[in-house]
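Trainee: Sharing a structure below in structure tokens format, with a few things to ask.
The values are calculated or read from the model by the stated rules, or taken from the named source; none is laboratory data. Since the model is a prediction, treat every value here as computed from it, not as a measurement. Using ideal geometry, Cβ is built from the backbone for each residue, glycine included, and neighbour counts are taken over all protein chains shown. These accessible areas exclude ligands, DNA and RNA; they are computed on the full protein's heavy atoms, side chains included. Shrake-Rupley method; radii C 1.70, N 1.55, O 1.52, S 1.80 Å.
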Amino acid sequence: MRSAWTASNSAAEILRERRLRTISVAERNASATPFAMVVVRECAHMPEGSGRPLGRTLIRGGSLFDGTGTKAHPADLLIESDRIVEIAPSGVFDGRAVASTIDARGMTVLPGLIDAHIHVGREPDHDGRLYLDAGVTSARDTGGVLDNLRALRARALAGEWIGPRLRICGPLIDGAPTVWPAAMSFIVGEEGDGRNAVDQLAGKVDQIKIYSGVGPELVREIVARARDYGIPTTGDLAATRASEAIDAGIAGLEHASVAYADIVPVELQVSMRIFHEQSPAIWRRERNKGQAATDPSGPDARRLARQLADSGAWFDPTLVVLERLASLADPAVIEAPEVALATPAAQKMWAERVAGRKSAWTEADYATAHRAFEVELAFVGEAIAAGATILVGSDAPNPFVVPGWSLHRELELLVRAGLTPLQALTRATSGNATALGIAHMVGTLRPGKLADVLIVEGDPFADIRATRNVRHVLQGGVVRHSAVAVPARA
Ligand SMILES: [Zn+2]
């Protein structure tokens, strides 16, 4: 058996030994968490990473959450090849001939989690494994180099890339000057550019992502053209207000921060010009000041929350990346155990962000950033209370947003914002599957669906942090598991 890990960390060595070992990281987290250890477990009867389904498999004795929003209940699950074939009350399948049995007593059986917002990083082979280890079996890439993404999907189809099932947006449609490299941006500026961009991308992407530099007229043009093709659009916007994009018929909005131009008083808003002409750190510092002083339950915020709910637009708050970017001096963030799972190159880049931030921010700026994040979190609470359609996305691999594991933090933050654990897990499974256009295959545990299954120890409906206690992950009936539990913060 080959190790699932390419990073040189202690977990890798222990996996190769094919033995159960427990690595305590209690020194780092003793008071912060009930899951203060990293457990690495290998199951001798289940070949991990062989790429072949297990044959007829029984998942027995667990509490089953089928992803539809109904409560978990004791049930057994029968898998044949890559599909779920039957679900029945506990014990009904006992005595049937099966090739393997997964003992799920004391565990919760869920659909594989779906991350609605990732960017495939520079080391997709490493990161693909991280997503699966964390139980994330599908994801939407919300902006990247189109040729790379299509090549990766081809490798996945050929069985050469192990990672989440990918839905892709391809390049960001952006205005000039762009925030990201030219290869991952499609620049529009004049009337007709939006239609042209959509024409170029149609047939090559699953959704279209509109980025911060695009103004309202071009947003309307892009959304209308994409609708002609039946392609959903989503936006991380700054030059267009969220309310204007919803009026234009945009299908979704990314990041709680997209509410900024609608809810922060105009006299407190800062321009993207600071980002381009000074630095991202200074822009964020100045932006936080106005946001920290904003009432997240004021009339403007309530109006936007209501509009989100009434329109049915997806709202993908990605609170975890906003929390991370607000907390780049906080040891709980920059020394979180899962950070060690990221590639050395990613860790180096993230450390540089911490250093860059320190050179531009004072202690008071960090405190303001925390308050600004709390405003974003509270606005998400308003949107939830209004009935908005929440998606669950992480924005990995932004600084300290570790592929896969950060989605567990997103679930925790959404519960803090106001979702129940049952709602949060429904959104991260069937809800995300619907938004990504893959609900016919995954997102629920139902006969006929692909066997994308996450099995965790404990009851995440009592404590959402239990989703981190990953014990088994199946993707299309193939075991993709290495049972690494990464502790939660309190
Ligand atoms: Zn993103």
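Trainee: How big is region 284-425 in terms of Cα radius of gyration and Dmax, in angstroms?
Mentor: 15.7, 46
Trainee: Shifting gears a bit: Taking all pairs of different Cα atoms in the chain, averaging 1/r and flipping that mean, what Kirkwood radius in angstroms comes out?
Mentor: Values: mean 1/r = 0.0437 Å⁻¹.
22.9 Å is the Kirkwood radius here.
Trainee: Let me ask you something else. Would you mind getting me the FRET efficiency between D94 and A385? Use the beta-carbon distance for r and R0 = 60 Å, nearest 0.05.
Mentor: Values: r = 45 Å, r/R0 = 0.75.
The calculated FRET efficiency here is 0.85.
Trainee: Can you tell which of P331, G381, W350 lies farthest toward the positive end of the dipole of region 323-387, using +1 and -1 charges on the Cβ of basic and acidic side chains (Lys, Arg; Asp, Glu)?
Mentor: W350
Trainee: By how many nm would the segment from A367 to A154 grow when fully extended, if each residue of separation counts as 0.36 nm and the alpha-carbon distance is taken off? Each step should come with its number before you reach the end.
Mentor: Values: separation 213, 0.36 × 213 = 76.68 nm, distance 4.56 nm.
Going from the current span to full extension adds 72.1 nm.
Trainee: How much FRET efficiency would the formula 1/(1 + (r/R0)^6) give for A332 and D228, where r is the Cβ-Cβ distance and R0 is 35 Å, rounded to 0.05? Each step should come with its number before you reach the end.
Mentor: Numbers: r = 47 Å, r/R0 = 1.35.
With a Förster radius of 35 Å, E is 0.15.
Trainee: Shifting gears a bit: Considering only protein heavy atoms, what per residue accessible area in square angstrom results for the chain with a 1.4 angstrom probe?
Mentor: Numbers: 18850 Å² over 490 residues.
Per residue, the chain has 38 Å² of solvent-accessible surface.
Trainee: If each DSSP helix of 4+ residues adds -39,500 (n - 2.57) and the sum is divided by the residues in the chain, what number results at 222 nm, nearest 500 deg cm²/dmol? Don't jump to the answer; show the numbers that get you there.
Mentor: Values: 18 runs with 175 residues, N = 490.
-10500 deg cm²/dmol, from helical runs alone.
Trainee: I would also like to ask the following. Give me the one-decimal nm value for the distance between modelled label points at R273 and E352, 7 Å along each residue's Cα-to-Cβ direction.
Mentor: Here the modelled spin labels are 2.9 nm apart.
Trainee: Taking H as built 1.01 Å from N, whose amide H comes closer than 5 Å to the amide H of E86, not counting residues under 5 places away?
Mentor: L78
Trainee: Can you compute the charge dipole magnitude of the chain about its Cα centre, using +1 on each Lys and Arg Cβ and -1 on each Asp and Glu Cβ, nothing else charged? Give it in debye, rounded to the nearest 20.
Mentor: On the way: 53 positive and 58 negative charges, 243 e Å.
Its charge dipole is roughly 1160 debye.
Trainee: Okay, moving on. Roughly what would the spin-label model give for V266 and D310, points 7 Å off Cα along C-beta, in nm?
Mentor: 2.2
Trainee: At R122 and Q423, where each label point lies 7 Å from the Cα along Cα→Cβ, what is the point-to-point distance in nanometres?
Mentor: The two pseudo-label positions are separated by 4.0 nm.
Trainee: Using only Cα atoms, what is the ratio of the radius of gyration of region 388-490 to 2.2 N^0.38 Å? Walk me through the numbers before you get to the answer.
Mentor: Numbers: Rg = 13.5 Å, N = 103, 2.2 N^0.38 = 12.8 Å.
Computed over Cα atoms of region 388-490, the ratio equals 1.05.
Trainee: Sorting check: for 461-473, 103-115, which peptide has the highest mean count of neighbouring beta carbons within 10 Å, and how do the rest follow? Don't jump to the answer; show the numbers that get you there.
Mentor: Working: 461-473: 22.3, 103-115: 24.2.
Most protected by this proxy first, the peptides run 103-115, 461-473.
Trainee: Then there is this: Of the peptides 310-320, 159-169, 83-93, how do they stack up when ordered by the mean number of other Cβ atoms within 10 Å, highest first?
Mentor: Working: 310-320: 23.7, 159-169: 20.8, 83-93: 15.4.
Result, highest mean Cβ count within 10 Å first: 310-320, 159-169, 83-93.
Trainee: Which of the peptides 384-394, 199-209, 261-271 is most tightly packed, and how do the rest follow, going by the mean number of other Cβ atoms within 10 Å of each residue?
Mentor: Working: 384-394: 23.3, 199-209: 18.1, 261-271: 15.6.
Answer by packing, highest mean first, reads 384-394, 199-209, 261-271.
Trainee: Additional query: Once you have the Cα-Cα distance between A345 and D463, take 0.36 nm times their residue separation minus that, and quote the gain in nm to one decimal.
Mentor: Numbers: separation 118, 0.36 × 118 = 42.48 nm, distance 3.35 nm.
The A345-D463 span can extend by a further 39.1 nm.
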